[in-house]
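Since the structure comes first, as structure tokens, the remarks are kept for the end.
The values are calculated or read from the model by the stated rules, or taken from the named source; none is laboratory data. Every value quoted in this text rests on a predicted model; they were computed, and no experiment measured them. Cβ: placed from backbone, ideal geometry, glycine included. Neighbour counts: every protein chain shown.
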Amino acid sequence: MTRTANYPMTVAMDNRADELSRFIEQLTTRFKETERLFASRLEVSDRELVLLRTLVADGPMITKELGGRFRVPVSTMTGLVDRMEQKGLVRRVPGRRDRRSIELEATPAGALALREHARGIAAIARGMLEALPERDQQALITILRRVVSRLDAAERRTA
């Protein structure tokens, strides 16, 4: 095997990518554990939690639209919504554009539960930032903005 001028840079990049992968795994594990605890406290499944987040973020929508987003049949969504409604996290309301249709929306209790969860996630983020001086905190946020922007742009190109 012949060495090229780029070989040391490739090895260095591979080492950095490996280390970054380990960091991502550790952070993902922490956030997933927080998510699991939250879902357990609400007594909801992962899918139910995503449904609640979707309704809080995007507002009321019909079951068919939600089924399309989740790529599941309307019958599956209906069962999911029934369980969430029994827990008081979502409710069915007359459609705003077409009164004959029924839309689903998060209840105030559902929205409040998500805000509480967001505070837990923010506490993890604060803990991460507190480990750094302010200058490094700003640098980290700037770098992550660039990474997210690049990932978003790549996703838009492939969509």
Seminar exercise, completed: If you go through 129, 114, the only one that is in contact (Cβ under 8 Å) with a residue 40 or more places away in the chain, among the hydrophobic types (A, V, I, L, M, F, W, C) and part of a helix (DSSP H, G or I) is 114
For this session: Being closer than 25 Å to residue 88 by Cβ, assigned to a helix (DSSP H, G or I) and out of contact with any helix residue (DSSP H, G or I) (no Cβ under 9 Å at 6 or more places or on another chain) is the filter here, so list the residues in the range 2-51 that pass it.
Result: 40
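Residue-wise test of (1) among the small types (Gly, Ala, Ser); (2) at pLDDT 95 or above.
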{"position": "59", "(1), (2)": "yes, no"}
{"position": "103", "(1), (2)": "no, no"}
{"position": "134", "(1), (2)": "no, yes"}
{"position": "137", "(1), (2)": "no, yes"}
{"position": "152", "(1), (2)": "no, no"}
For this session: Evaluate the following for residue 74: is it among the aliphatic types (A, V, I, L, M), more than 19 Å from the chain's Cα centre (by Cα), over 17 Å from residue 120 (Cβ atoms) and at pLDDT 90 or above?
Result: no
Problem set entry | Residue count for the range 79-97, restricted to those that are closer than 15 Å to residue 45 by Cβ and either of a type in the set (Ser, Thr, Tyr) or surrounded by 14 or more Cβ atoms within 10 Å (Cβ to Cβ) (or both) | 8
